[in-house]
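Visitor: What follows is a structure written as structure tokens; I'll ask about it next.
The values are calculated or read from the model by the stated rules, or taken from the named source; none is laboratory data. Computed from a prediction, not measured in an experiment: that's the story for all the values here. We place every Cβ from the backbone using ideal geometry, glycine too, and count neighbours over all the protein chains shown. We work out accessible area using only protein heavy atoms, side chains counted, and drop any ligands, DNA or RNA first. Shrake-Rupley method; radii C 1.70, N 1.55, O 1.52, S 1.80 Å.
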There are 2 protein chains.
Amino acid sequence: MTDRSKIARYFPILAWGRTYTRPTLEADLLAAVIVTIMLIPQSLAYALLAGLPPEVGLYASILPLVAYAIFGTSRVLAVGPVAVVSLMTAAAVGTLNLDSTTDYIAAAIALAFISGVMLTGMGLLRLGFLANFLSHPVIAGFITASGILIATSQLKHIFGVSAHGHTLPELLISLLAHLPEINLYTLLLGSTAMGFLFWTRKGLKPLLARLGVPPRLADVLTKAGPVAAVAATTLAAYAFDLGDKGVAIVGEVPTGLPPLTLPSFAPGLWSDLFLAAMLISIIGFVESVSVAQTLAAKRRQRIDPDQELIGLGTSNIASALSGGYPVTGGFARSVVNFDAGAQTPAAGAFTAIGIALAAMFLTPLLFFLPKATLAATIIVAVLSLVDLSILRHAWRYSRVDFAAVATTIALTLGLGVEVGVSAGVVLSIGLHLYKTSRPHVAEVGLVPGTQHFRNILRHTVKTTPHLVSLRIDESLYFANARYLEDYVYDRVVCDQPITDVVLMASAVNEIDLSALESLEAINTRLKEMNIRLHFSEVKGPVMDRLKRSHFLEELSGDIFLSQYEAWDRLTAPTEPPSKITA
Amino acid sequence: MTDRSKIARYFPILAWGRTYTRPTLEADLLAAVIVTIMLIPQSLAYALLAGLPPEVGLYASILPLVAYAIFGTSRVLAVGPVAVVSLMTAAAVGTLNLDSTTDYIAAAIALAFISGVMLTGMGLLRLGFLANFLSHPVIAGFITASGILIATSQLKHIFGVSAHGHTLPELLISLLAHLPEINLYTLLLGSTAMGFLFWTRKGLKPLLARLGVPPRLADVLTKAGPVAAVAATTLAAYAFDLGDKGVAIVGEVPTGLPPLTLPSFAPGLWSDLFLAAMLISIIGFVESVSVAQTLAAKRRQRIDPDQELIGLGTSNIASALSGGYPVTGGFARSVVNFDAGAQTPAAGAFTAIGIALAAMFLTPLLFFLPKATLAATIIVAVLSLVDLSILRHAWRYSRVDFAAVATTIALTLGLGVEVGVSAGVVLSIGLHLYKTSRPHVAEVGLVPGTQHFRNILRHTVKTTPHLVSLRIDESLYFANARYLEDYVYDRVVCDQPITDVVLMASAVNEIDLSALESLEAINTRLKEMNIRLHFSEVKGPVMDRLKRSHFLEELSGDIFLSQYEAWDRLTAPTEPPSKITA
């Protein structure tokens, strides 16, 4: 790789920047306007969900977007605060039991910084494949459970009561305990906002279409629903002095661009936040990369997962340096960006300018914004994440996948996000290892009229008494080496006429050293019983490796290119079954 | 299963006890005498290695043997204190920084009890397969490194200095620092004992043969070498008053049968010892079960790994209840038992009687026994465990296996037994997952004159431009689902004439839900490109599962029984390549 292409790999902006045209600019600008309208209430609301002051949400929506525009490979990913990562931030920082808001913000900033360093480091080390170890069912279960947790955690703002907890039982008990303190003004306002937002999602677009509004404009108007709700409820709170009637309002929000901050490097804080930062990094990356890949595929573009790690890592570092908290690529927001016609990451940079303008000029208007409105925005947004059909789907397809998704959901709801996702990962890997430790072994025979061999239990096939052909349906490695030994002995030990065993290795993709030792043991044991051991259809890479050991010299039988060749030779009358040549 | 056979499964003694005959009794008694002679010095020495008073070694060689005789399934396994588990006990209890010997013994007893409960529990839950996750290279590396650590740790007794540490650098530095305090009497005695013991291993048997001693008797005399060394050096220490000249001697050893003890149930102690007990359980089980399997195979007997867990678990509980420390099946001792002709576990019970007699009558004679002699016994015994050839062997066969064994050895020596073996296990599993996350995919063509398909890069095969056949050499699951997506897109995206892709699934042993979603994505994407997706040689269990999803209805192509059938139909002139029916 030349120096120039190396640089280009780490700065994707050089590729798309060089061919930037006026029509691209116009498309990006339009998309940026729509995303900005959507992002202002979202960033305020997710900061609330993370337990942070609203301006932190705005700060996390400025520099991170610029960093992603420089380092990211997706053309349409919209980076910023998202629901699940905000919930994980609240869980991580909440357990530190910090007294002051300043310390709480400092911890959230440190979390973004640690996570950013981790992501960037993983990207430089090209560890993007690690994300593959989160199985789809685990992710789906985790997102669904997080959606339920988030919606439940916001109910307190709708009821106007205080409630705490990081698990579903804690949240529900706390909510019930405080229910007598309910504030009816808040409830009225919150439920009206929620109803309105649901209606803009479902009912507004068809209505606008019937009214003859052009589809493009209808789209923008629909996306502006949360902004309208924010404006209307803020006005109502101002007009009817709801703050004095017990409705929680946002209050003073600092005006201006984010302050440049240096994150805390206190070793105690870093070690306390290490695991949480790791989980946030992985979950954020997996979420983001799957959105980016889905959208890229629609336009026949490609993204580079390792460079995406760098893109998200630098975004989080940028967030930490400008008073923000952990960010990642948001699903709904990126889809909106894509639909609105964004062509390059410049759309993200223009969105950043939009949010910066909001931070400079709109914050005084947020004083009377009721927290219930933000909670309503969150609830409506996250309920679209909740999809319990994955449970039914997984149950029908495979009990193992079902176990993974059900455990992830149950533990996320019952014990919190960190335990839930960790258990899901460990369980996925554990179940996979368990399955491969007891491989499927099929005794095969010849399908008449072909050269093809299939399971004697499933197909009508030809066999012969002195020859046993076993197809091993798994790579042979330490976890199943002993199982194969047992299987072969059990099969041959009581069957007198057997003189030849063929292991059909078409599905054996690897034989590690442990398995090689087991094969040597099988060969020796069968030799003592006057049975020859053969192999058929051994793959190239496996054969290469076997040639490097002494196994082939010691093998009592032969290696056949195909199972048919093995059958042909071992059943031929020229080679009587009783003759042992080894 | 009937009640009776259930009981018989958990009490193997009922099976062999029913057919016990006089010749069996005689064979067992002879084996017991030989093993007892071997076990007396070993149990004293391994107690010293574990940092425990010598009588604890004797206690651990009485009741545990009786428990194993009742619950174990191996006919010849000799249970008791062994070198590696003694080292692990020293490491585990040593880190607790206990002041008094009483506390140290109590912790070792608790360790045996916890480990016994774990093993028994795993046996009742039939979790014996878990032992398979320790790969052979990791075990070999761990045993070799432990042997080096043990031998080094005993050098202080040969030099007559005090030295401490649980890792090789610690031990060597501590030894060098204390070397000026060397006691020449101890060194003379220890090195003489070591020389004598090496000679009895290598030189004594040929000599006896030349002198016309019957082989059986020569065998017993060779095994009695350590007893002779103990007797001779004890006499020397008594006669020349070596104790007063700075030679460390064993001193007062309590006489009598082991006291019945109740292990400590202090929660703090249990949580401190939990991980160590787990590692000791697993290492002890793996060691023991592989010895038992090797020996059982020689006599065409079988052992039941799950019942072995119960056998070892009850042995450890018995050890804890009688003042002993963790035990397992010893390799050398079991081979001696086997060679001496032991027929049933009754030989173990008779050995227990022999050790009990020793505890009652021989302990006063041990007062002058020099510790250097015991150290010499240990060094000579463990050096046979050290086998660095595994490194060369693994390197030649596979870099991945080499990485596992080299890391295990390096970390065991450098950071201690617990880190070493844990890292080995994690690394084995991690490397396996990494390999399967990037499966080998081969583009295949027809071997002329056959119905067999092989890699186009390795064999001379027939292909056709519009048809790509990809053989996937791995089960499809969450860790490699995305890799396959990328591979297929990369292959077809720039190759215009392609109209049909066949995924040859002969090596695909499983398709989990994550992989199913990837296949759905591939199918959709290829359909958009006017390319049909087919499968061939899908296995029975995989097909069963696919039928439970909607995938087969949506699939743009067909499922063929064999790759040849796919080739035959898709290259037939009746089905022109341009006709897309989906």
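Visitor: Look at residue A:407 and say whether it is closer than 24 Å to residue B:481 by Cβ and more than 13 Å from every other protein chain (Cβ to nearest Cβ). Give the derivation first.
Guide: Values: closer than 24 Å to residue B:481 by Cβ: yes; more than 13 Å from every other protein chain (Cβ to nearest Cβ): yes.
Spelling it out, residue A:407 is indeed closer than 24 Å to residue B:481 by Cβ and more than 13 Å from every other protein chain (Cβ to nearest Cβ).
Visitor: Shifting gears a bit: Just name the residue that is nearest to residue A:9 (Cα to Cα) out of those in region A:98-138 that are touching an Asp or Glu at 6+ places or on another chain (Cβ under 8 Å) and within 14 Å of another protein chain (Cβ to nearest Cβ).
Guide: A:126
Visitor: Right, here's the next one. Condition check: surrounded by 21 or more Cβ atoms within 10 Å (Cβ to Cβ), in a helix (DSSP H, G or I) and not hydroxyl-bearing (Ser, Thr, Tyr). Does residue A:131 satisfy that?
Guide: Spelling it out, residue A:131 is indeed surrounded by 21 or more Cβ atoms within 10 Å (Cβ to Cβ), in a helix (DSSP H, G or I) and not hydroxyl-bearing (Ser, Thr, Tyr).
Visitor: So, one more: Quick one: residue A:449 ticks every box in (1) within 30 Å of residue B:425 (Cβ to Cβ); (2) more than 9 Å from every other protein chain (Cβ to nearest Cβ) bar one, so which box is it?
Guide: (1)
Visitor: Which condition number in (1) over 21 Å from residue A:383 (Cβ atoms); (2) in contact (Cβ under 8 Å) with a residue 12 or more places away in the chain is the one that residue A:26 fails?
Guide: (2)
Visitor: Would you check which residues across region A:554-564 are out of contact with any strand residue (DSSP E or B) (no Cβ under 7 Å at 6 or more places or on another chain) and within 14 Å of chain B (Cβ to nearest Cβ) and list them?
Guide: Going residue by residue through region A:554-564, those that are out of contact with any strand residue (DSSP E or B) (no Cβ under 7 Å at 6 or more places or on another chain) are A:554, A:561, A:564.
Scanning region A:554-564 gives A:561, A:564.
So that you can scan it fast, the table gives a plain yes or no per residue for (1) at negative phi; (2) in contact with a Phe, Trp or Tyr (Cβ under 9 Å, 6 or more places away or on another chain); (3) more than 14 Å from chain A (Cβ to nearest Cβ):
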| position | (1), (2), (3) |
| --- | --- |
| B:33 | yes, yes, yes |
| B:43 | yes, yes, yes |
| B:51 | no, yes, yes |
| B:79 | yes, yes, yes |
| B:84 | yes, yes, yes |
| B:91 | yes, no, yes |
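Visitor: Of everything in region A:491-519 that's under 45 Å from the mean Cα position of the chain (by Cα) and of a type in the set (Asp, Glu), which residue is nearest to residue B:301 (Cα to Cα)?
Guide: A:517
Visitor: Taking helices (runs of 4 or more DSSP H) that fall entirely within region B:176-230, which contain at least 3 residues that are open to solvent by 40 Å² or more (accessible area, probe 1.4 Å), touching a residue at least 12 places away in the same chain (Cβ under 8 Å) and under 23 Å from residue B:370 (Cβ atoms)?
Guide: Details: elements: B:184-199, B:205-210, B:215-223.
Where helices (runs of 4 or more DSSP H) fall fully within region B:176-230 and carry at least 3 residues being open to solvent by 40 Å² or more (accessible area, probe 1.4 Å), touching a residue at least 12 places away in the same chain (Cβ under 8 Å) and under 23 Å from residue B:370 (Cβ atoms), they are B:184-199.
Visitor: So, of the residues in region B:427-443 that are in contact (Cβ under 8 Å) with a residue 40 or more places away in the chain and within 11 Å of chain A (Cβ to nearest Cβ), which turns out to be nearest to the chain's Cα centre (by Cα)?
Guide: Looking only at region B:427-443, we keep the residues that are in contact (Cβ under 8 Å) with a residue 40 or more places away in the chain, and these are B:427-429, B:433, B:436-439, B:441, B:443.
Filter once more, keeping what is within 11 Å of chain A (Cβ to nearest Cβ): B:428-429, B:433, B:436-439, B:441.
Working: B:428: 13, B:429: 15, B:433: 21, B:436: 24, B:437: 27, B:438: 29, B:439: 29, B:441: 34 Å.
The residue in question is B:428.
Visitor: If you don't mind, another one. Looking at residue A:290, is it assigned by TED's automatic domain parsing to the domain that holds residue A:217 and either open to solvent by less than 10 Å² (accessible area, probe 1.4 Å) or outside any helix (DSSP H, G or I) (or both)? Lay out the reasoning, then the answer.
Guide: Details: assigned by TED's automatic domain parsing to the domain that holds residue A:217: yes; either open to solvent by less than 10 Å² (accessible area, probe 1.4 Å) or outside any helix (DSSP H, G or I) (or both): no.
It is false that residue A:290 is assigned by TED's automatic domain parsing to the domain that holds residue A:217 and either open to solvent by less than 10 Å² (accessible area, probe 1.4 Å) or outside any helix (DSSP H, G or I) (or both).
Visitor: Could you tell me which numbered condition residue B:474 fails, if it satisfies all but one of (1) assigned to a helix (DSSP H, G or I); (2) facing chain A (nearest Cβ under 9 Å)?
Guide: Single failed check for residue B:474: (1).
Visitor: Taking region B:453-471, which residues are of a type outside the set (Val, Ile, Thr) and either in a helix (DSSP H, G or I) or surrounded by 21 or more Cβ atoms within 10 Å (Cβ to Cβ) (or both)? Working first, answer last.
Guide: Step one: list which residues in region B:453-471 are of a type outside the set (Val, Ile, Thr), which gives B:453-455, B:457-459, B:462, B:465-467, B:469-471.
Listed by number, the residues that qualify are B:453, B:454, B:469, B:471.
Visitor: Select from region A:525-559 the residues that are open to solvent by less than 30 Å² (accessible area, probe 1.4 Å), over 24 Å from residue A:438 (Cβ atoms) and touching a residue at least 40 places away in the same chain (Cβ under 8 Å) and list them in ascending order.
Guide: Result: A:532, A:557.
Visitor: Hey, among the residues in region A:320-366 that are of a type in the set (Phe, Trp, Tyr) and under 29 Å from the mean Cα position of the chain (by Cα), which one's surrounded by the most Cβ atoms within 10 Å (Cβ to Cβ)? Even if it seems obvious, please write down each step before you answer.
Guide: First, the residues of region A:320-366 that are of a type in the set (Phe, Trp, Tyr): A:325, A:331, A:338, A:350, A:361.
Now narrow it down to the ones that are under 29 Å from the mean Cα position of the chain (by Cα): A:325, A:331, A:338, A:350.
Numbers: A:325: 32, A:331: 23, A:338: 22, A:350: 21.
If we take residues in region A:320-366 being of a type in the set (Phe, Trp, Tyr) and under 29 Å from the mean Cα position of the chain (by Cα), then A:325 is surrounded by the most Cβ atoms within 10 Å (Cβ to Cβ).
Visitor: Can I ask one more? Only one of (1) closer than 20 Å to residue A:303 by Cα; (2) within 12 Å of chain A (Cβ to nearest Cβ); (3) open to solvent by 10 Å² or more (accessible area, probe 1.4 Å) fails for residue B:522. Which number is that?
Guide: Only one criterion in (1) closer than 20 Å to residue A:303 by Cα; (2) within 12 Å of chain A (Cβ to nearest Cβ); (3) open to solvent by 10 Å² or more (accessible area, probe 1.4 Å) is unmet by residue B:522, namely (3).
Visitor: I'd like to check which helices (runs of 4 or more DSSP H) are fully inside region A:1-116 and have at least 3 residues that are open to solvent by 40 Å² or more (accessible area, probe 1.4 Å). Before you say what the answer is, go through the steps one by one.
Guide: Numbers: elements: A:3-10, A:13-17, A:22-49, A:54-59, A:63-71, A:83-94.
Because the criterion is at least 3 residues that are open to solvent by 40 Å² or more (accessible area, probe 1.4 Å), the helices (runs of 4 or more DSSP H) in region A:1-116 that meet it are A:3-10, A:13-17, A:22-49, A:63-71.
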